[in-house]
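The values are calculated or read from the model by the stated rules, or taken from the named source; none is laboratory data. Bear in mind that the values here come from a model prediction, so they are computed numbers and not experimental data. Cβ atoms come from the backbone with ideal geometry, glycine included; neighbour counts cover every protein chain shown. The protein model used for the area step is the full one, side chains on, heavy atoms only, and it has no ligands, DNA or RNA in it. Shrake-Rupley method; radii C 1.70, N 1.55, O 1.52, S 1.80 Å.
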Amino acid sequence: MKSWGAIVTSSSYQESRTKNSPVKLSLPDPIRWNDGDVTIIDQTRLPTEEVFLSSHNYLDVCEWIKSLRIRGAPAIGIAAAYAATLAAFEYGSTNTIDTKLESALQAILLTRPTAVNIRNVLARLRNLDISGTSVGEVFLYQAQEILDEEVDSCRRIGRFGLELIPDKAVILTHCHTGGLATGGYGTALGMIRAAHEAGKDVMVLVDETRPLLQGARLTAWELQKLGIDFRLIVDGASGIAMRKFKANLAVVGADRITANGDTANKIGTYNLSVLCKENGVPFYVAAPSSSFDLAAKSGDEIPIEERNPDEITHFRDCQSAPEDISVFSPAFDVTPAKNIAAFVTERGIIRPEYRVSIAAGIATH
Ligand code: MRU
């Protein structure tokens with residue numbers, strides 16, 4: 001009987017490395033403010049169609065967040081800031097957050113519960129000095145600042161992450177953490193991109209990421225545009241793939257990181273971390289400080305979003321399971337801190353013991 005490592009394929013690794021023809025086109029902006037409107041690229045239509053949506057109504061932005069037209073923790077934080085700005089302009093708020101604006105902020109907060117970025121952004125907006133001025137103008141300035149900071153954070157994450165990526169590296173990733181999931185550039189994918197730009201020879205194993213296929217639809221699309229070598233795999237193949245291709249590391253993003261280092265990310269991340277542990281592959285989380293929730297002591301306090309069962313029983317309009325069945329559809333899981341070798345943030349690399357190092361690296365800034 002053959003051992004795990006002796007799987008025979010028709011093409012060698014080197015031969016099949018040429019298959020992802022690089023497209024190398026520029027990547028669109030995930031979200032921008034355009035003269036009173038918010039514009040996004042509709043991520044649910046990718047990779048087959050590049051459709052842009054614009055609106056000056058904050059309720060549309062809430063719907064875009066709920067339906068994942070814009071998604072990824074930093075990107076929905078930015079979208080929340082722009083939604084709050086639209087609401088403040090719509091209500092002509094000056095001086096204060098009045099009742100109408102307050103209920104708009106509540107609606108924005110409730111769009112998606114797991115990523116802490118929305119809550120962090122709204123807390124930041126609430127702390128601004130708005131006395132004697134247009135709240136919309138103050139929020140808009142802050143939203144632009146948040147967007148710029150997120151892009152800058154991604155680039156810094158990329159630079160800090162370089163030391164974790166060898167010159168010739170096979171890297172596993174899950175979900176989508178690229179430019180579209182952030183303000184631009186990416187977190188985990190930003191690390192991979194920075195390594196590629198630094199001339200390292202990287203090959204990425206991309207989990208398709210059931211049920212909504214962020215890996216297949218978005219990560220593969222971005223990597224192809226960037227001309228970075230990758231192999232798309234089904235989620236269940238990550239174990240065999242990490243052994244066959246001798247993965248050097250795995251890196252994922254985060255929706256919420258608690259004070260002890262427990263990390264919520266797209267469903268399936270926890271499984272991947274266990275596989276990494278079993279196979280001695282270091283498992284890293286790349287995330288900006290806007291994704292940390294230091295008020296939460298552990299992952300037990302993270303609300304896990306459950307999505308519509310249709311997302312599992314159907315793909316778009318195509319039914320893939322019997323009707324009237326019971327489904328459990330968590331969008332995220334929690335990876336325990338003990339499975340995480342390090343966090344890569346815009347402030348540097350954070351290693352265990354996380355209760356101490358996260359407080360020192362994040363809370364004190
Ligand atoms: O449901 P999604 O697609 O918003 O989930 C996104 C993820 O889990 C990402 O990995 C995370 O938000 C980090 S994005 C830089």
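Give the residues of segment 99-117 that are among the small types (Gly, Ala, Ser), within 16 Å of the ligand (Cβ to nearest atom) and surrounded by fewer than 21 Cβ atoms within 10 Å (Cβ to Cβ), sorted by residue number. Step through it out loud before you land on a result.
Taking segment 99-117 and keeping what is among the small types (Gly, Ala, Ser), we get 103-104, 107, 115.
Restricting the remaining residues to those that are within 16 Å of the ligand (Cβ to nearest atom) gives 115.
Scanning segment 99-117 gives no hits.
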Query raised in the report: Can you find a residue in segment 226-244 that is of a type in the set (S, T, N, Q) and within 16 Å of the ligand (Cβ to nearest atom)?
Result: yes
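One line per residue, one yes/no per condition, for (1) free of Cβ contacts under 8 Å to residues at least 24 places away in the same chain; (2) open to solvent by 10 Å² or more (accessible area, probe 1.4 Å); (3) in a helix (DSSP H, G or I):
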{"site": "128", "(1), (2), (3)": "yes, yes, no"}
{"site": "146", "(1), (2), (3)": "no, no, yes"}
{"site": "155", "(1), (2), (3)": "no, yes, yes"}
{"site": "159", "(1), (2), (3)": "no, yes, yes"}
{"site": "166", "(1), (2), (3)": "no, yes, no"}
{"site": "169", "(1), (2), (3)": "no, no, no"}
Requested in this report: Any residue in segment 265-279 that's within 21 Å of residue 293 (Cα to Cα): show its pairings with residues that are assigned to a helix (DSSP H, G or I) and within 12 Å of the ligand (Cβ to nearest atom) at Cβ separation under 8 Å, as long as the two are six or more apart or on different chains.
Outcome: 266/214
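With 324, 333 as the choices, which residue is within 12 Å of the ligand (Cβ to nearest atom) and acidic (Asp, Glu)? Give the steps one after another, and end with the answer.
Numbers: 324 fails: within 12 Å of the ligand (Cβ to nearest atom).
Just one listed residue meets the conditions, 333.
For segment 249-262, give me each residue that is buried (at least 21 other Cβ atoms within 10 Å of the Cβ) and either outside the structural domain of residue 349 (by TED's automatic domain parsing) or more than 10 Å from the ligand (Cβ to nearest atom) (or both). Can you show your working first?
Taking segment 249-262 as the starting set, the residues that turn out to be buried (at least 21 other Cβ atoms within 10 Å of the Cβ) are 249-258, 261-262.
Within segment 249-262, 249, 250, 251, 257, 258, 261, 262 meet the criteria.
Would you check which residues across segment 81-98 are open to solvent by less than 10 Å² (accessible area, probe 1.4 Å) and not hydroxyl-bearing (Ser, Thr, Tyr) and list them? Working first, answer last.
Looking only at segment 81-98, we keep the residues that are open to solvent by less than 10 Å² (accessible area, probe 1.4 Å), and these are 81-88, 93.
Scanning segment 81-98 gives 81, 83, 84, 86, 87, 88.
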Query raised in the report: Does segment 290-315 hold any residues that are surrounded by fewer than 19 Cβ atoms within 10 Å (Cβ to Cβ) and within 14 Å of the ligand (Cβ to nearest atom), and which are they?
Result: 303, 304, 305, 306, 307, 308, 311, 312
